[in-house]
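Encoded as structure tokens, the structure appears first; notes follow it.
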Amino acid sequence: MNGFIYPNEAETAWGLLIVLYPYITGLVAGAFVVSSLYHAFGIEKLRPLARFSLLTALAFVLIAPVPLLAHLGRPERAFEIFITPNFRSAMAGFGYILLFYTGLLVVETWLAFRRDIVRRSEAATGLRRAFYSALTLGSRDVSERALRLDAKVIRVLAIVGIPSAFLLHGYVGFLFGSIKANPWWSTPLMPIIFLISAIVSGVALLIVLYIVATALRRQPLNHSSVAELAKWLLLFLLVDLTLEGLEVLSMAYENEEGWAIVSQLLTQKLAVSFFGIQILLGAILPIVVLGGLALTDRLGQRVRTTLSLGTALLVLVGIFAMRWNVVIGGQLFSKSLRGFKSFAPPLTGNESVVEALIILSLPFFLLALFAVLLPPWEKEAALEGAGVPEPTVTIPIPSRLVGPRAR
Amino acid sequence: MQHLTRPVLLLLTVFLLLGAARWAIPRMFNQISFAIQDRTVPVGTLLGAGGHANVPQDIEAWKARQVQYAGPASCTQCHQESVAQWKVGDHAGVSCETCHGVASDHTANETPLPTETSSALCTLCHSTTLGRPSSFSQVKVHQHAGEATCASCHNPHNPGVQGLPTDLIRPKPSAPLVQHVVVAEANCTMCHGQGRLRPYPQDHAGWQSPGCLLCHETGPTPTLVGASATLGAPFAGLVQAPSVPHVTDGVPSCTRCHDSGAVRPFPQDHIGWSAGVCLLCHQAGPAPAVGGTAVGSPAAGGGGDAPRGVSISTISADGLPPLPHTVVGYTQCQDCHGSDQFRPFPSDHQGWEITECLLCHKSK
Amino acid sequence: MGITRRSFLRRAAVVLAGVAAAGAGWSYLKGLAQSANEAPDQAASLPSAPVQQRTPQPHHWAFVVDTTKCIGCGKCVAACKEENNVPEDPHFNRTWVERYVIDEQGEAYVDSPDAGVHGFESWPVNSKYQNIQVVKSFFVSKLCNQCENPPCVQVCPVGATYKTEDGVILVNRSRCIGCRYCIQACPYGARFLDPNLRVADKCTWCYHRISKGMDPACVEVCPVGARMFGDPADPDSAVAKALRENRISVLKPNLGTRPQVFYIGLDQEVR
């Protein structure tokens, strides 16, 4: 601690778990957007990833409330937020959005995998059969007509899901951006910065997961899908960097009371994690690499994919640094604007590094479990159902967007 | 197309069950609770049994909390002697429990309330500390008292000099003697201090009389004298103060005429002094020819050649309009003259009495 | 066939939407209905809501701090902890005292050793100013400002913190979930998470005392009258007199919180 802080500020109210929470919801929103790029907008190159990204979003959204719950002083009262909400609170509305969004993802995933569930329930025996039969929810019709109806509902949900995903993460930004007591948080740009950075992190996560999963399955990689994702990543990164730059620039230029302490925060307390990791490693370097890839077609596919993987990893670290810089950075200085304190999460125990790592690993385990229960890769799903005739139209709607109707 | 009806119905059922549970479970299980670490959690709260916070109930809960500081009123019932001392002293504005601590248990159950006697209690407020207003009594504790505790000299209920035992007035050999008698009406700092008639050293800044007498021994008659009138002008020899050029007998108050903004203002450095101290330095003239007793000692050296024994009207009548009528037969000048009468007088005469009019205005 | 299918689809969509809305919203609709019937607690902070039945006193309290009088003895901080069972740990305070030291260059140094609970007289506390050319120095005591427009009440997701009719912000301890959003939202650092109860805590202006006609504990023990409490509507009260006879300011007026703790002689360096 240097300078003066209010005595009650010695405790850091929001620790590592609250850094993790916007990080995970961001990945949800981003992964869902990737899935919707295919399901709603018919970006064919992303078709191999569409089901997988849906499962990813579901796995992460189910874990998203966990860090919050673990952070609460009285976790046993968590349901109060749904039952006795204060609608003037940004946080109260957020609970409903998360709930709605989780429901939407569950329904969409069930519809997208319904055919596979039915197939597996027919192919399996014993407990396995009972499990998949239960999952069908009594709906066993996988005729072309039924599947076409499913696809339409999926498309509606994918479209509805995009504003919901935006709302989900824009809202997280609003939680911080609406705190007028804190000059580092209080900016109307905060929701949109959170939103764009969420998409950035989700796209980067899917690049990494797709490449790793394919390698684990010893399958050939669809390089054009990775290239497509890299293009989207570049686009969102550019917007993200612009907004973050604009935020700091306008604060500096307006030079209000709070800027004196915020400028010290950025240049002293957060110098490494803000300029070094968030901006340089997490945004500028990836933009240079991805921009280079977009401008040249000389490099081979493997090199391009490897570079994309590298930048995606950098971006994932950079976005984590961004969450840290907002959540922790905003609490490193006193609201008296007169001094700083230090924060280092404990290694073990409450709000610790170990706890955060465990929670962060949960969605990956959950995703692995989902991938075992439901086939995330279309081709394998098709092989699995070799006995059943492959419907001619699986996803009719995108084709209507990109070309003449298939029927 | 009917393939979705069953799942939809199923979902509907689940939601209905959840709703029913939401209604039923709090009612069924609110009495059952379990412990997490050191706190008790009613099962019902897991499903929001708390319901909407009952604000009136919560307000009552806050109101019902136990009072700890009982307030000074509860002390007076038993501790009359201490309270009597406390009421007249410099600590009259300090609540009993500020020093004695929380008393509600003591007042309710007569449990003993040990009295803190260490000097730390006093120095918390009275040690010289950066940030304290300079007007607040503070001492450099070691210089002030050495190893002595505060309570060995000061009575905490009446800690000022008035409350000190007289044998505690221990003159310091190095401190100069007071060259004059000490008069109760006069505060030392009226004359002694920065910007005053008789400055004292820098390191005395902010000190208050009568604390001065702790170190400075008084002169030949080291007594506090009550009535200055019987002394003549004891300080007339110490300061070059002009004698009063008129009789003072019968004059109600010097500051009627002599004050800032009055008809005969006195010097700036006299501002704030009360009428009772004027004659300590300024020698009054002898009594007028008619009646009255002489005051002041003729032997005391008074400066100036102003005539003695003259009435105020003699020296102030110049330029004053003589009264155009006789006063015989009138009861009060103010019957006709006054700010709201048909013969107004100047605003600075407001509130003067008939006897005062004739001090200056000559009757026909 | 196509038409029937479409109409079925439409019906299915309506049913789906209806089920989702009814199901997801069931419990909270219930909650809403309750809030309308039972206690107008959500509306408590809205000026339009008439809540007469729980306002025995028609007071609207105010607090005055005279910074020109404060001597930094810390009695108020200690008394608050005693009266309200506030943890002894100096990181948890409902009130505290800050000292401002301003040097020749106009630089302000601020400290609050142990929140001021032990006063400021001890040697190490003062020794750090030995090499500083002090121009002026003074104490400022701080407490919850009981804002007219409280950001903490606004952000509480479960409505556990609320404003009473007489203008005091309280926390319902049986309802607070310990999310600490209110701690972030308070511009004055007046809130903390009670380490034992794991719920938010703050100054109540000694609600149990003032509703019995007593002064808050900090006001009671202040030896120099630097803290005053009362109803400004009563012209004979100390606060009414202080507000009448002095130039008054509040902390961080630019944030629009409209504090009800008023300061006499507040220096521009105080935030």
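The values are calculated or read from the model by the stated rules, or taken from the named source; none is laboratory data. Predicted model only: the values in this text are computed from it and were never measured. All Cβ positions, glycine included, derive from the backbone under ideal geometry; neighbour counts span all protein chains shown. Each accessible area value is taken on the protein alone, full model and side chains, heavy atoms only, with ligands, DNA and RNA left out. Shrake-Rupley method; radii C 1.70, N 1.55, O 1.52, S 1.80 Å.
Any residue in the stretch C:101-108 that is away from chain A (no Cβ under 14 Å) and touching a residue at least 60 places away in the same chain (Cβ under 8 Å)?
No - not one qualifying residue is present in the stretch C:101-108.
May I ask you to say which residue of A:A50, A:A57, A:A92 is part of a helix (DSSP H, G or I), within 11 Å of another protein chain (Cβ to nearest Cβ), open to solvent by less than 10 Å² (accessible area, probe 1.4 Å) and out of contact with any Asp or Glu (no Cβ under 7 Å at 6 or more places or on another chain)?
Working: A:A50 fails: within 11 Å of another protein chain (Cβ to nearest Cβ); A:A57 fails: within 11 Å of another protein chain (Cβ to nearest Cβ).
None of the other options fit; the residue is A:A92.
Filtering the stretch B:128-149 down to residues that are closer than 22 Å to B:C96 by Cβ and under 22 Å from the mean Cα position of the chain (by Cα), which residue is most open to solvent (accessible area, probe 1.4 Å)? Steps first, answer last, please.
Taking the stretch B:128-149 and keeping what is closer than 22 Å to B:C96 by Cβ, we get B:136-137, B:149.
Still in the running and under 22 Å from the mean Cα position of the chain (by Cα): B:136-137.
On the way: B:F136: 44, B:S137: 75 Å².
The residue in question is B:S137.
Given the residues A:L111, A:L69, A:L27, which is the only one that is open to solvent by 20 Å² or more (accessible area, probe 1.4 Å), out of contact with any strand residue (DSSP E or B) (no Cβ under 6 Å at 6 or more places or on another chain) and either within 12 Å of chain C (Cβ to nearest Cβ) or under 24 Å from A:R217 (Cβ atoms) (or both)?
Selected residue: A:L69, the only one of A:L111, A:L69, A:L27 that is open to solvent by 20 Å² or more (accessible area, probe 1.4 Å), out of contact with any strand residue (DSSP E or B) (no Cβ under 6 Å at 6 or more places or on another chain) and either within 12 Å of chain C (Cβ to nearest Cβ) or under 24 Å from A:R217 (Cβ atoms) (or both).
In the stretch A:1-20, what count of residues is obtained for those that are more than 11 Å from chain C (Cβ to nearest Cβ), open to solvent by 10 Å² or more (accessible area, probe 1.4 Å) and assigned to a helix (DSSP H, G or I)?
Here the count works out to 1.
Would you mind telling me which numbered condition in (1) outside any helix (DSSP H, G or I); (2) buried (at least 17 other Cβ atoms within 10 Å of the Cβ); (3) more than 7 Å from chain C (Cβ to nearest Cβ); (4) at pLDDT 85 or above B:Y69 fails?
(3)
I'm told A:F87 meets every condition in (1) in a helix (DSSP H, G or I); (2) at the interface with chain C (Cβ under 10 Å from one of its Cβ atoms); (3) not β-branched (V, I, T) except one. Can you identify the failing condition by its number?
The number of the failed condition is (1).
Can you pull out every residue in the stretch A:311-336 that is within 14 Å of chain C (Cβ to nearest Cβ) and under 17 Å from A:F274 (Cβ atoms)?
A:V326, A:V327, A:I328, A:G329, A:G330, A:Q331, A:L332, A:F333
Would it be correct to say that C:F138 is away from chain A (no Cβ under 13 Å) and modelled with pLDDT of 95 or more?
Yes, satisfied.
Any residue in the stretch A:30-41 that's open to solvent by 10 Å² or more (accessible area, probe 1.4 Å): show its pairings with residues that are not in a helix (DSSP H, G or I) at Cβ separation under 6 Å, as long as the two are six or more apart or on different chains.
A:L37/A:I43
Step by step: first the residues of the stretch C:166-223, then only those that are within 15 Å of the chain's Cα centre (by Cα) and within 25 Å of B:G93 (Cα to Cα), then the one that is nearest to the other protein chains (Cβ to nearest Cβ). Which residue is that?
If we take residues in the stretch C:166-223 being within 15 Å of the chain's Cα centre (by Cα) and within 25 Å of B:G93 (Cα to Cα), then C:Y207 is nearest to the other protein chains (Cβ to nearest Cβ).
Looking at this structure, is C:Q268 open to solvent by less than 20 Å² (accessible area, probe 1.4 Å) and within 14 Å of chain A (Cβ to nearest Cβ)?
The answer is no for C:Q268.
Here are some conditions: (1) surrounded by fewer than 13 Cβ atoms within 10 Å (Cβ to Cβ); (2) in a helix (DSSP H, G or I). A:I287 meets all but one. Which one does it not meet?
Unmet for A:I287, out of (1) surrounded by fewer than 13 Cβ atoms within 10 Å (Cβ to Cβ); (2) in a helix (DSSP H, G or I): (1).
So that you can scan it fast, the table gives a plain yes or no per residue for (1) touching a residue at least 40 places away in the same chain (Cβ under 8 Å); (2) part of a helix (DSSP H, G or I); (3) aromatic (F, W, Y):
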site: A:T109; (1), (2), (3): yes, yes, no
site: A:A112; (1), (2), (3): yes, yes, no
site: A:R119; (1), (2), (3): yes, yes, no
site: A:A134; (1), (2), (3): no, yes, no
site: A:D141; (1), (2), (3): no, no, no
site: A:R145; (1), (2), (3): no, yes, no
site: A:L149; (1), (2), (3): no, yes, no
site: A:V153; (1), (2), (3): yes, yes, no
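One line per residue, one yes/no per condition, for (1) within 23 Å of C:V110 (Cβ to Cβ); (2) free of Cβ contacts under 8 Å to residues at least 24 places away in the same chain:
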residue	(1), (2)
C:A233	no, no
C:A240	no, yes
C:N254	yes, yes
C:G265	yes, no
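Among the residues of the stretch B:74-114 satisfying the criterion of being in contact with an Asp or Glu (Cβ under 6 Å, 6 or more places away or on another chain) and polar (S, T, N, Q), which is surrounded by the most Cβ atoms within 10 Å (Cβ to Cβ)?
This residue is B:S95.
I want to confirm something. Restricting to the stretch A:72-89 and keeping residues that are of a type in the set (D, E, K, R) and surrounded by 21 or more Cβ atoms within 10 Å (Cβ to Cβ), which single residue is farthest from A:L360 (Cα to Cα)? Give the steps one after another, and end with the answer.
Start the filter on the stretch A:72-89 by keeping residues that are of a type in the set (D, E, K, R), which leaves A:74, A:76-77, A:80, A:88.
After this cut, where a residue has to be surrounded by 21 or more Cβ atoms within 10 Å (Cβ to Cβ) as well, the list is A:74, A:77, A:80.
Values: A:R74: 22, A:R77: 23, A:E80: 25 Å.
Across the stretch A:72-89, the extreme among qualifying residues is A:E80.
Does any residue of the stretch C:189-204 turn out to be acidic (D, E), modelled with pLDDT of 95 or more and crowded, with 24+ Cβ neighbours inside 10 Å?
yes
Restricting the search to the stretch A:253-272, which residues are open to solvent by less than 40 Å² (accessible area, probe 1.4 Å) and either under 29 Å from A:L205 (Cβ atoms) or more than 30 Å from the chain's Cα centre (by Cα) (or both)?
Those that are open to solvent by less than 40 Å² (accessible area, probe 1.4 Å) and either under 29 Å from A:L205 (Cβ atoms) or more than 30 Å from the chain's Cα centre (by Cα) (or both): A:G258, A:I261, A:L265, A:L266, A:L270, A:A271.
Examine the stretch A:298-312 for a residue that is within 15 Å of the chain's Cα centre (by Cα), modelled with pLDDT of 95 or more, open to solvent by 60 Å² or more (accessible area, probe 1.4 Å) and of a type outside the set (D, E), and state whether such a residue exists.
Checked the stretch A:298-312: no residue is within 15 Å of the chain's Cα centre (by Cα), modelled with pLDDT of 95 or more, open to solvent by 60 Å² or more (accessible area, probe 1.4 Å) and of a type outside the set (D, E).
From the set of residues in the stretch A:225-249 that are farther than 25 Å from A:V34 by Cβ and either touching a residue at least 12 places away in the same chain (Cβ under 8 Å) or outside the structural domain of A:T311 (by TED's automatic domain parsing) (or both), which is surrounded by the fewest Cβ atoms within 10 Å (Cβ to Cβ)? Reasoning before the result, please.
Step one: of the stretch A:225-249, the residues farther than 25 Å from A:V34 by Cβ are A:245-249.
Those still in the list that are either touching a residue at least 12 places away in the same chain (Cβ under 8 Å) or outside the structural domain of A:T311 (by TED's automatic domain parsing) (or both) too: A:246-248.
Details: A:L246: 13, A:E247: 18, A:V248: 18.
If we take residues in the stretch A:225-249 being farther than 25 Å from A:V34 by Cβ and either touching a residue at least 12 places away in the same chain (Cβ under 8 Å) or outside the structural domain of A:T311 (by TED's automatic domain parsing) (or both), then A:L246 is surrounded by the fewest Cβ atoms within 10 Å (Cβ to Cβ).
If you check C:G230 against the conditions, is it among the small types (G, A, S) and within 14 Å of another protein chain (Cβ to nearest Cβ)? Before the answer, list the steps.
Values: among the small types (G, A, S): yes; within 14 Å of another protein chain (Cβ to nearest Cβ): no.
So C:G230 does not fit the description; no.
Give the stretch A:95-108 a look and list any residue that's of a type outside the set (D, E, K, R) and more than 8 Å from chain C (Cβ to nearest Cβ), or say none.
If we filter the stretch A:95-108 for residues that are of a type outside the set (D, E, K, R), which is where we start, we get A:95-107.
Listed by number, the residues that qualify are A:I97, A:L98, A:Y101, A:T102, A:L104, A:L105, A:V106, A:V107.
Of all residues being over 9 Å from A:A40 (Cα atoms), open to solvent by 60 Å² or more (accessible area, probe 1.4 Å) and more than 8 Å from chain B (Cβ to nearest Cβ) in the stretch A:141-159, which is modelled with the highest pLDDT? Just the residue, please.
A:K152
Can you pull out every residue in the stretch C:173-187 that is open to solvent by less than 10 Å² (accessible area, probe 1.4 Å) and under 25 Å from C:V97 (Cα atoms)?
Matches in the stretch C:173-187: C:Y181, C:A185, C:P187.
For the structure I just gave you, tell me whether A:E355 is part of a helix (DSSP H, G or I) and not polar (S, T, N, Q).
In short, yes.
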